[in-house]
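The values are calculated or read from the model by the stated rules, or taken from the named source; none is laboratory data. Source: prediction; values computed, not measured. Heads up, the Cβs are rebuilt from the backbone with ideal geometry, glycines too, and the neighbour counts pull from every protein chain shown.
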Amino acid sequence: MTTPLTITTLHDELVSGSTTATQVVDSILAAIETKNTELNAYTEVFTEDIKKQAKEIDIKIKTGATLGILEGIPMSIKDAIMIDNKKCTSSSLILEPYTAVYDATVIKRLKAAGVILVGKTNLDEFAMGSSTESSAFEPTKNPVDLERVPGGSSGGSAASVAGGMAVASLGSDTGGSIRQPAAFTGIVGLKPTYGRVSRFGLIAMASSLDQIGPLSNTTLDAAHILETIEGHDELDATSVHLTPEQALDIPRIQTADVSKMTVGLPKEYFIDGIAPEIRESIDQVIQTYKGLGVTFKQISLPYSEYAIPTYYILMPAEVSSNLARFDGIRYGLSQRDSATNLLDVYKKSREKGFGDETTRRILLGTYVLSSGYYGSYYSKAKQIQALIKRDFEQAFQDVDAILTPTTPHTAFKIGEKANDPISMYLEDIFTVATNIAGIPGISIPAPTQGLPIGFQLMSTHFDENTILTLGHAYEQTTK
Amino acid sequence: MNSSDVNHLADLAYITVPKQQQSGFEQDFQGILQNIARLTEVSEEVDLLPTYYHQTLREDVKHIHNPAFTSDIHQKILQSMPQVENDYLVVKTILTK
């Protein structure tokens, strides 16, 4: 297996002239030509656009102008993030005819940084899933084992990076949709603190939980991407002005001494049911960190056991509201020709346009918000969300970060869980609590004798510097 | 939950669930609802915590053309619509006699 390209390596090669942007793009397009038919990571590739952009970057390099760190870097984009004048489907039939009418803020920032946007990647429909099997445009396969899923919902993004068809990608994470596919495919995936990255232009799933974040081959690459896309956006009222302490500090990430750090191991995350190879791998990770002088401490996050049921109330509730806009009236698939009246347009368009999982979550959300049930379900879930947040806040008074497995087992076979929604929902068991609490989480490749395994680091709100520092230190020690 | 409950929810959500899928959804919901009913085990209540960040709302300024969008955004939106007449979206009759 060839050494994966990284942003920092590629940047150095472009600056030194040992490669050109055109050569990089040709190589990426050749990889897509060879692999994408089988993997189905990309649903659209912007071939002519990226060839033209690469030529422009090569001209710029020849003039001796300074090249930004992300300039000329080929990245794929999850097809829930809007790029102006490009199709944006969220892998749903209901948006199959839709072309985006503006750039998402994160896209504007990547374009300004000179990133080469290679194309749009496959996902579970409307980001609902943990395997990319619910896409209306066929599943994506795991590049490491073609009989297995790449995870989800950002499975196409993960497969594009792990398969050498992009140097990095942007995905979105509502309950684990960046971190879990990163773990399943052997790459890095970062979910930032809620509010750190603008959601303007992200097709909303659960607006109080969604965050856009990078998938990449190294922690440092993830840091460079986050530094470019983060920060307040006046078009997203939930995005924040970062303080100097909260802003990313890449020199510090590269050089900080982790020997003074304390990392918590929550007993609720080291339970029966974790696959033995995951346990063994995490033990090795812990030993590596101990060798760097990191101190470990057992902690408790008692309300973690309620994270999954809490998530599967809050998330569908917001989904049922957010997906009400897809009604066949203003954009997307419309069944107006066969409908007799307005309500018929809504029902027929939505029946034809939505897949089973999307329909299931809309109905579940409608139920938990309905009269007579709102108090038992939604209000209760909001209470427990506050308790889960409190667990983390109390833990971070004693530790700098928390370490857990990212997933309870390695990538499962395609079709294995497709007809068992509850089993699929339990895939998120170690990831959802970070979204519920709004804290950042990163998945980093862990040692493995077989399929990829990821370990997860979490820190308090806006302290991405700590988990990126720990992640980078681990990578430097184990490379 | 039974199939008439599923149909009622579908009506509320403006979705049609085909007959052949109704029992499947019914079974799925039984399992999901059993799982989420665990939350009733928790008796502790807290005052909902303040958000850990502070929102900054933008100034309420009227734009003839919002600089956040390209100048042809109006045309692009119209092009997305299924049926347009003189720059108006055409919809089915809402009120009937």
Which of (1) at pLDDT 95 or above; (2) farther than 23 Å from A:V188 by Cα; (3) away from chain B (no Cβ under 13 Å) does A:T404 not meet, given it meets every other one?
(2)
Among the residues that make up segment B:1-23, is at least one of them over 25 Å from A:L95 (Cα atoms), within 23 Å of the chain's Cα centre (by Cα) and among the polar types (S, T, N, Q)?
yes
Could you look through segment A:321-358, keep only residues that are in contact with a Gly (Cβ under 9 Å, 6 or more places away or on another chain) and hydrophobic (A, V, I, L, M, F, W, C), and pick out the one that is surrounded by the most Cβ atoms within 10 Å (Cβ to Cβ)?
A:L323
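Does A:T295 count as more than 7 Å from chain B (Cβ to nearest Cβ), more than 21 Å from B:T93 (Cβ to Cβ) and without any contact (Cβ under 8 Å) to a residue 40 or more places away in the chain?
Working: more than 7 Å from chain B (Cβ to nearest Cβ): yes; more than 21 Å from B:T93 (Cβ to Cβ): yes; without any contact (Cβ under 8 Å) to a residue 40 or more places away in the chain: yes.
Criteria met by A:T295.
Results for (1) in a helix (DSSP H, G or I); (2) over 28 Å from A:M458 (Cα atoms), shown as yes or no for each residue.
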residue	(1), (2)
A:T340	no, yes
A:Y346	yes, yes
A:K352	yes, yes
A:R361	yes, no
A:Y378	yes, no
When segment A:423-479 is examined, which residues are found to be surrounded by 23 or more Cβ atoms within 10 Å (Cβ to Cβ) and among the charged types (D, E, K, R)?
A:E427, A:D428, A:E464
Could you pull out every one of the helices (runs of 4 or more DSSP H) wholly within segment A:380-478 that has 2 or more residues that are within 19 Å of the chain's Cα centre (by Cα)?
A:421-425, A:432-437, A:464-478
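Does B:E41 satisfy the criteria of being closer than 30 Å to A:Y374 by Cβ, more than 7 Å from chain A (Cβ to nearest Cβ), free of Cβ contacts under 8 Å to residues at least 40 places away in the same chain and over 23 Å from the mean Cα position of the chain (by Cα)? Outline the logic, then answer.
Working: closer than 30 Å to A:Y374 by Cβ: yes; more than 7 Å from chain A (Cβ to nearest Cβ): yes; free of Cβ contacts under 8 Å to residues at least 40 places away in the same chain: yes; over 23 Å from the mean Cα position of the chain (by Cα): yes.
Against the criterion (closer than 30 Å to A:Y374 by Cβ, more than 7 Å from chain A (Cβ to nearest Cβ), free of Cβ contacts under 8 Å to residues at least 40 places away in the same chain and over 23 Å from the mean Cα position of the chain (by Cα)), B:E41 qualifies.
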If only one of A:E33, A:E44 is closer than 30 Å to A:S135 by Cβ, among the acidic types (D, E) and surrounded by 15 or more Cβ atoms within 10 Å (Cβ to Cβ), which one is it?
A:E44
When you look at A:N85, is it buried (at least 18 other Cβ atoms within 10 Å of the Cβ) and either farther than 18 Å from A:R325 by Cα or without any contact (Cβ under 8 Å) to a residue 12 or more places away in the chain (or both), yes or no?
no
Looking at (1) in contact with a helix residue (DSSP H, G or I) (Cβ under 6 Å, 6 or more places away or on another chain); (2) more than 9 Å from chain B (Cβ to nearest Cβ), which is the one condition that is false for A:Y312?
(2)
Does A:E318 qualify as being crowded, with 18+ Cβ neighbours inside 10 Å and either in contact (Cβ under 8 Å) with a residue 40 or more places away in the chain or at the interface with chain B (Cβ under 9 Å from one of its Cβ atoms) (or both)?
yes
Scan segment A:357-369 for residues that are closer than 16 Å to B:D11 by Cβ and either more than 7 Å from chain B (Cβ to nearest Cβ) or touching a Cys at 6+ places or on another chain (Cβ under 6 Å) (or both) and jot them down.
A:G365, A:L369
Checked against (1) at the interface with chain A (Cβ under 7 Å from one of its Cβ atoms); (2) at pLDDT 85 or above; (3) in contact with a Ser or Thr (Cβ under 8 Å, 6 or more places away or on another chain), B:Q55 satisfies every condition except (2)
Matching residues, segment A:27-79, being of a type in the set (S, T, N, Q) and over 22 Å from the mean Cα position of the chain (by Cα):
A:S27, A:T34, A:T37, A:T47, A:Q53, A:T63, A:T66
Please determine, by comparing only the residues of segment A:359-376 that are touching a Phe, Trp or Tyr at 6+ places or on another chain (Cβ under 8 Å) and buried (at least 18 other Cβ atoms within 10 Å of the Cβ), which one is farthest from B:D28 (Cα to Cα).
A:L369
Kindly establish whether A:A222 is over 30 Å from B:P67 (Cβ atoms), in contact with a Leu (Cβ under 6 Å, 6 or more places away or on another chain) and among the hydrophobic types (A, V, I, L, M, F, W, C).
yes
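Of everything in segment A:342-369, what is over 27 Å from the mean Cα position of the chain (by Cα) and more than 16 Å from B:D5 (Cβ to Cβ)? Give them in sequence order.
Of all residues in segment A:342-369, those over 27 Å from the mean Cα position of the chain (by Cα) come to A:342-349, A:351-352, A:367, A:369.
Answer for segment A:342-369, where residues must be over 27 Å from the mean Cα position of the chain (by Cα) and more than 16 Å from B:D5 (Cβ to Cβ): A:L342, A:L343, A:D344, A:V345, A:Y346, A:K347, A:K348, A:S349, A:E351, A:K352.
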Residue count for segment A:379-401, restricted to those that are under 27 Å from A:S321 (Cβ atoms) and either surrounded by fewer than 19 Cβ atoms within 10 Å (Cβ to Cβ) or facing chain B (nearest Cβ under 9 Å) (or both)
11
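Looking at B:E26, B:E85, B:E41, which is the one that is among the charged types (D, E, K, R) and surrounded by 14 or more Cβ atoms within 10 Å (Cβ to Cβ)? First the steps, then the outcome.
Numbers: B:E85 fails: surrounded by 14 or more Cβ atoms within 10 Å (Cβ to Cβ); B:E41 fails: surrounded by 14 or more Cβ atoms within 10 Å (Cβ to Cβ).
Just a single option satisfies the conditions, and that option is B:E26.
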With respect to A:S172, is the statement that it is surrounded by fewer than 24 Cβ atoms within 10 Å (Cβ to Cβ), closer than 21 Å to A:A237 by Cα and not β-branched (V, I, T) true?
no
Take segment B:1-20 and flag every residue that is facing another protein chain (nearest Cβ under 7 Å) and either in contact (Cβ under 8 Å) with a residue 60 or more places away in the chain or not β-branched (V, I, T) (or both).
B:L9, B:A10, B:L12, B:A13, B:Y14
